[in-house]
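Just below is one structure, and these are the notes that go with it.
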Amino acid sequence: MQHRSHPLQSPVPGTARHIESFHYGPAEAPGKVYIQASLHADELPGMLVAWHLKQRLAELENAGRLRHQIVLVPLANPIGLEQVLMDTPLGRYQLESGENFNRHFVDLALQVGDAVEAQLAGDPQQNLVLIRQALRQALAAERPTTQLQALRLTLQQLACDADMVLDLHCDFEAVEHLYTTPEAWPKVEPLARYLGSQASLLATDSGGQSFDECFSLVWWELEQRFEGRFPIPDGSFSVTLELRGQGDVNHALASRDCQALINYLTHHGAIDGSADAQPQLLYPATPLAAVEPVATPDGGVLVFCAQPGEYLEAGQLIAEVIDPITDRVTAVHNRNAGLLYARSLRRMATAGMVIAHVAGTEAFRSGYLLLREAPCACTN
């Protein structure tokens, strides 16, 4: 194992932060897996899973069972981890800029396509090598001007040439779920089974240039650009794993998730050995565009009437929002049938606040699918 430290640009004199990466397996391996945790720094279940993974990967490396290189970043966001305001962690957005830490990664598809077009040929493997080299060169030429840009660039450089990218997150209160692309789903379905994912949400481009999509989109856009001219392989697939809710930080769950990842990496061929039999898929993959963000028109005390993991019929009561002054009770319902996979951690709702997400089966949204705002179905 190699432990590497990657210094970030200091925002002011006298301060310094680093990204720490741990590299397991043979450096010249035929494949590479990249795993990171807590890019949203207040989402800690993945960080504990990463700690368990470090122990397991060290054992597997010592036993000579690692076929692929595995790069692990257990703490992907030291900037956000330090953002604590009056005992409240604020790790989703950078306080200085207001930007989401998981948006605005560098889009290199056009630049890389221009760089390799004259060198592409009929051999997809040769094209893969050319594109990865161009990706590394393009990222090396980037010059960040802020610490946030340096953080994003460092993570992108560590993962840009990986065959598989796993980004460990969690929601507020939620069951296990994941995000990936329709193109990658056949490869990702075994992971959903091992993890026990109760919702698997698919989109090629959900908007915002998030960390996971900045890799898969490059290859998809190059394939679209050179279709019929040059064969472009699927050089990288990415998955965002949502490991339940923010409070689900314990060794029992982390150990189980760690074992699920070990099983999947073994199934994938990155680890030598036999994986456990795949469990049943708990809920079929559905379009991210079929997710209904359920909002409330009124503010008040939020009282949930439905639990994460519960399948809801159309028009079912999800919550009541109570005004303790007027005694008005606003009932909040979902419009479409589907699985309630995540809900708010807050219990004082504000008007227009999204309080829950329901995974339906029929796409009805378009555009920027990562928005949390949406119309609600409600009655007073």
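The values are calculated or read from the model by the stated rules, or taken from the named source; none is laboratory data. The shown structure was predicted, so the numbers you read here are calculated from the model rather than taken from an experiment. Note: ideal-geometry Cβ built from the backbone for every residue, glycine included; neighbour counts use all protein chains shown. Areas reflect the complete protein model, heavy atoms only, side chains present, ligands, DNA and RNA absent. Shrake-Rupley method; radii C 1.70, N 1.55, O 1.52, S 1.80 Å.
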- line: Distance in Å, no decimals, from the C-alpha centre of segment 18-43 to the one of segment 323-340 is 42
- request: Looking at the chain, send over the antiparallel percent of its DSSP beta bridges, to the nearest 5.
  value: 65
message: I need to check one value: relative contact order of segment 146-216, counting alpha carbon pairs closer than 8 Å and at least 6 residues apart, in percent.
response: 33
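Using the beta-carbon distance between Q125 and R225 and R0 = 22 Å, what value does 1/(1 + (r/R0)^6) give for FRET efficiency, to the nearest 0.05?
Values: r = 19 Å, r/R0 = 0.86.
The value I calculate is 0.70.
Let me check against my output: what whole-number percent is the relative contact order of segment 26-75, with C-alpha pairs under 8 Å and at least 6 apart?
Numbers: 57 pairs, mean separation 31.4, N = 50.
After rounding, I find 63 percent.
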query: Taking a label point 7 Å from the Cα of D272 along the Cα→Cβ vector, which residues of segment 7-28 have an amide N closer than 12 Å to it?
result: 26
- request: Report, by chain and number, residues whose modeled amide H sits under 5 Å from the one on H333, excluding near sequence neighbours (fewer than 5 apart, same chain).
  value: I318, A377, C378, T379
statement: Diffing segment 172-182: the Karplus 3J(HN,Hα) column from phi (6.51, -1.76, 1.60, θ = phi - 60°), in whole Hz with x for Gly and Pro, holds 6, 10, 7, 9, 4, 7, 8, 10, 7, 9, x
message: Can you give the local net charge around P231? Use residues other than it whose beta-carbon is closer than 12 angstrom to its beta-carbon, Lys and Arg +1, Asp and Glu -1.
response: -3
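Calculate, in nm to one decimal, what S97 and L281 gain on full extension: separation in residues at 0.36 nm each, minus their alpha carbon distance. Intermediate results must be reported in sequence, preceding the final value.
Details: separation 184, 0.36 × 184 = 66.24 nm, distance 4.04 nm.
Working it through step by step, the gained length comes to 62.2 nm.
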task: Report, to the nearest 10°, how far helix 213-225 tilts away from the longest principal axis of the Cα atoms in the chain, using its own Cα long axis and a range of 0 to 90°.
output: 70
Residues in segment 30-62 that a label on A252 would reach, taking backbone N under 20 Å of a point 7 Å out along Cα→Cβ: 44-53
query: For the chain, with only Lys/Arg (+1) and Asp/Glu (-1) charged at the beta-carbon, what is the dipole magnitude about the Cα centre, in debye rounded to 20?
result: 500
- request: Using 0.36 nm per residue of separation minus the Cα-Cα distance, give me the extension gain between S5 and M348 in nm, one decimal.
  value: 119.3 nm
query: Using a simple charge model, +1 on the beta-carbon of Lys and Arg, -1 on the beta-carbon of Asp and Glu, nothing else, what dipole does segment 258-356 show about its Cα centre, in debye to the nearest 20?
result: 180
message: If you fit an axis through the alpha-carbon atoms of helix 147-159 and take the longest principal axis of the Cα set of the chain, what angle between them do you get, 0 to 90°, nearest 10?
response: 60
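What accessible area per residue comes out for the chain, rounded to a whole number of Å², with a 1.4 Å probe? Working shown, then result.
Details: 16280 Å² over 380 residues.
Spelled out: the 1.4 Å probe surface of the chain, per residue, equals 43 Å².
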Per-pair calculated FRET efficiency, R0 = 35 Å: T326 and E183 via Cβ, rounded to 0.05: 0.10
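With all protein chains present, how much of the accessible area of segment 242-380 (probe radius 1.4 Å) comes from carbon and sulfur, to the nearest whole percent? Provide the component values of the computation, followed by the final result.
Details: 3450 of 6370 Å².
About 54 percent, which is the carbon plus sulfur part of the accessible surface.
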field: Difference of contour (0.36 nm per residue) and Cα-Cα distance, D114 to Y311
entry: 66.2 nm
